[in-house]
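K.L.:
My questions will all concern the structure given below.
Coordinate-derived values only; no laboratory data. The model shown is predicted, which means the values in this text are computed figures rather than measured ones. With ideal geometry, Cβ positions are generated from the backbone for all residues, glycine too; neighbour counts draw on all protein chains shown.
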Amino acid sequence: MFENLTNSLSTAFRKIAGRSKLTEENIKYTLKQVRISLLEADVALPVVRAFLERVKKNALNHIISHNFTPSQELIKIVQKELITIMGGENYTLDLNSTPPTVILIVGQQGVGKTTTIVKLAKFLHDKDHKKILTVSIDVYRPAAIKQLEILTTQAGIDFYPSDINEKPVNIAKDALHQAKIKFYDLLLIDTAGRLHNNHLMMKELNQIYEVVNPKETLLVIDAMIGQDAANIAKEFNTILSLTGVILTKIDSDARGGAALSMCHITGKPIKFIGTGEKIDAIEPFYPDRIASRILGMGDILSLIEEIERKTDYKTHKKLSSSLNKNMNFNLNDFLNQLKQLRNMGGMINIIDKIPGIGNIPNNMKSQLNDQSLIRMEAIIQSMTNIERINPEIIKGSRKRRIALGSGVLVQDVNKFLKQFYDMQTMMKKIKQGNLSNMIHKIKEMMPSGFSKN
């Protein structure tokens, strides 16, 4: 989402890369470029003004360390102020109350409330081991109730059935009673989408709020709305006492203005961001990590957490045991690792979290994509189990069969096998199933690419 902003800010900072010191003149010129970058990213004008004033003030009064160049010092100042306007710190959910703790999910139509509530429920269930009940009180859209039921079943979360003939307030009251007598830790309520200027619907939402007395009231906002997102949040907050925001579609081509404007304008923190369509594609919002990503520094902490959360511990343990017994790392093992990498959202999802990725030329970066992973999987899946365990037996006729079965050229099969042998040698050296090392190796392999035939 922040790619365009990252590129334009990088260009702005390069303008002073060769300067010996920060002066009012070169600071003014650089901040003019930063201003353009932020406005193009759809950051609200009041936020841009406040941000630039603070950066300019701090830059002019800043004593440059002999360890840093002027451009590095300015980037440090910009990074600090980016963190500040996005809330300064990670705000966790307040779950310290007598169970069941009620979390009310609100927002406009089409922003992804229903999928978000399932993502949040799964996150809290997996991370905090909470017993969770979900309920939909969207009687105006029967498909929403069914959608929540299907998704919660897939996620292994409990669902309280509701009926479109009931009043939303009564459904919420009954679900809360059920959560109490069944000793649930959390009750997540999915409300109907509504415009903030629809007074009748907002009045109904206020009645629900009064009945269930939520500990957390979270507004779901579509990141693609841009700076209007902050105004919507402001309006919702006049009716309800919002405790935070969940920003969805962070993986889209949205320009990033919502993330940078929200907290400054509304005073409400972004608590989570939706990073994809899968039910586990949600992350806590860390302003410092997002600031690092915006400035092209990567987000290695989030990447590590994602690896730990979305990969199969048993598979790693089995792989480590095999390697410690001097057993070969074979193509079945490699296929498992590729699948786990895909489960994390693929290369596209992790590219902007890798430090220094912004320095890679665009033609190379474009090859760090999921298509290469898919082709690798296709090649392996076109092999017999014996070939996967003993790839050295793959010769002429076998290569032609595998190429035909996977839709690639024989040269691609040769290239893939060479890359695999390189990885096999690496695995023998490290003697452990460390996915981060494998990801690094796969990243190195990608630029060589495959033929597009």
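K.L.:
Just rank Leu295, Leu417, Leu247, fewest to most, by other beta-carbon atoms within 10 angstrom.
P.N.:
Leu417, Leu295, Leu247
K.L.:
Residue separation times 0.36 nm, minus the C-alpha to C-alpha distance between His129 and Asp163: what's the value?
P.N.:
Roughly 9.3 nm would be gained on extension.
K.L.:
Using a 7 Å offset from Cα along Cα-Cβ at His177, what residues in the stretch 134-151 end up with backbone N under 11 Å from the label point?
P.N.:
Inside the label zone: nothing.
K.L.:
What order, most packed first, do the peptides 98-106, 27-35 have when packing is the mean number of other Cβ atoms within 10 Å of each residue?
P.N.:
Ranking the peptides 98-106, 27-35 by packing returns 98-106, 27-35.
K.L.:
Okay, moving on. If you place +1 on the Cβ of every Lys and Arg, -1 on the Cβ of every Asp and Glu, and leave all else neutral, what size is the dipole of the stretch 101-285 about its Cα centre, to the nearest 20 Debye?
P.N.:
Approximately 240 debye in magnitude.
K.L.:
For the residues Val43, Val139, what sequence is obtained by ranking on other C-beta atoms within 10 Å, fewest first?
P.N.:
Fewest-to-most ranking of Val43, Val139: Val139, Val43.
K.L.:
Mind giving me the nanometre distance, one decimal, between the label points for Gln381 and Glu24, set 7 Å out from Cα along Cα→Cβ?
P.N.:
Placing both labels 7 Å beyond Cα along the Cβ direction yields 6.5 nm.
K.L.:
Same structure, new question: To the nearest 0.05, what FRET efficiency results for Leu45 and Ile150 with a Förster distance of 51 Å applied to their C-beta separation?
P.N.:
0.75
K.L.:
If you take the beta carbon distance between Leu200 and Ser97 as r and set R0 to 35 Å, what does 1/(1 + (r/R0)^6) give as a FRET efficiency, to the nearest 0.05?
P.N.:
0.70
K.L.:
Can you sort Glu81, Glu377 from fewest to most other Cβ atoms within 10 Å of each residue's own Cβ?
P.N.:
With the sparsest Cβ surroundings first, the list reads Glu377, Glu81.
K.L.:
Continuing with the same structure: Hey, with R₀ at 35 Å, roughly what FRET efficiency would Asn414 and Lys278 work out to, going by the Cβ-Cβ distance, to 0.05?
P.N.:
Between Asn414 and Lys278 the formula returns 0.55.
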